[in-house]
Amino acid sequence: MAAQAVGMAQGCLDQSVEYAKMRKQFGQPISNFQAISFMLADMATEIEAARQLVYHTAVVSDTDDPESTKLCSMSKYYAAEMCNRCAYKAVQIHGGYGFMKEYPVERFYRDARIASLYEGTSQVQQIVISRSLLKG
């Protein structure tokens, strides 16, 4: 699930970069505006952080490390919440077009919400993480 959330967020970023380079306002691409470029930078940074957490979790899980359960919950929790933030920013970048079915971010926005619900809500993941920290 965490890897799927990373993939959805990457889709949001890819679509947003393409749109920001194409869409013009005030005679220039909106990618030239600092507010847009900062949202893209935030998205890219969060996606990479989530991707690395997922990769690390996969490596640790392959070793039967007792920390793998906590790391799985951390990965799912962080990636799902990050995906929601990226989908929100993608819609912001697209403006009104972000809600039109002709644009992929509309679907990403709807699908991102489910990432924090199925296979354990974000709150369930927080419970697993905190119990792991507090045991013993």
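Treating only the Cβ atoms of Lys and Arg (+1) and Asp and Glu (-1) as charged, compute the dipole magnitude of the chain about its Cα centre; round to the nearest 20 debye.
Roughly 460 debye, rounded to the nearest 20.
Projected area of region 19-76, taken from the Cα convex hull and averaged over every viewing direction, in nm²?
The orientation-averaged projected area of the Cα hull of region 19-76 comes to 4.8 nm².
Would you count, across region 2-134, every pair of lysines whose alpha carbons are under 24 angstrom apart, provided the pair is eight or more residues apart or spans two chains?
Lysine pairs meeting both conditions in region 2-134 amount to 6.
Note the per residue figure in Å³ for the convex hull of the C-alpha positions in the chain.
Hull volume normalised by residue count: 99 Å³.
Going highest first, how would you order 62-71, 76-85, 120-129 by mean Cβ packing within 10 Å?
Most protected by this proxy first, the peptides run 76-85, 120-129, 62-71.
Out of MET8, GLN52, PHE26, whose Cα points farthest toward the positive end of the dipole of the chain (charges: +1 Lys, Arg; -1 Asp, Glu; placed on Cβ)?
In the chain, that residue is PHE26.
At 222 nm, what value in deg cm²/dmol follows for the chain if DSSP H runs of at least 4 each add -39500 (n - 2.57) and the sum is divided by all its residues, to the nearest 500?
Per the formula, -26000 deg cm²/dmol.
At 0.36 nm per residue, minus the direct Cα-Cα distance, what do TYR55 and ILE127 gain on full extension? Give it in nm, one decimal, please.
Here the answer is 23.7 nm.
Bear in mind these aren't lab numbers, they're just calculated from the coordinates by the rules spelled out. Model, not experiment: these values are computed from the prediction. All Cβ positions, even for glycine, are placed from backbone atoms using ideal geometry, and neighbour counts span all protein chains on display.
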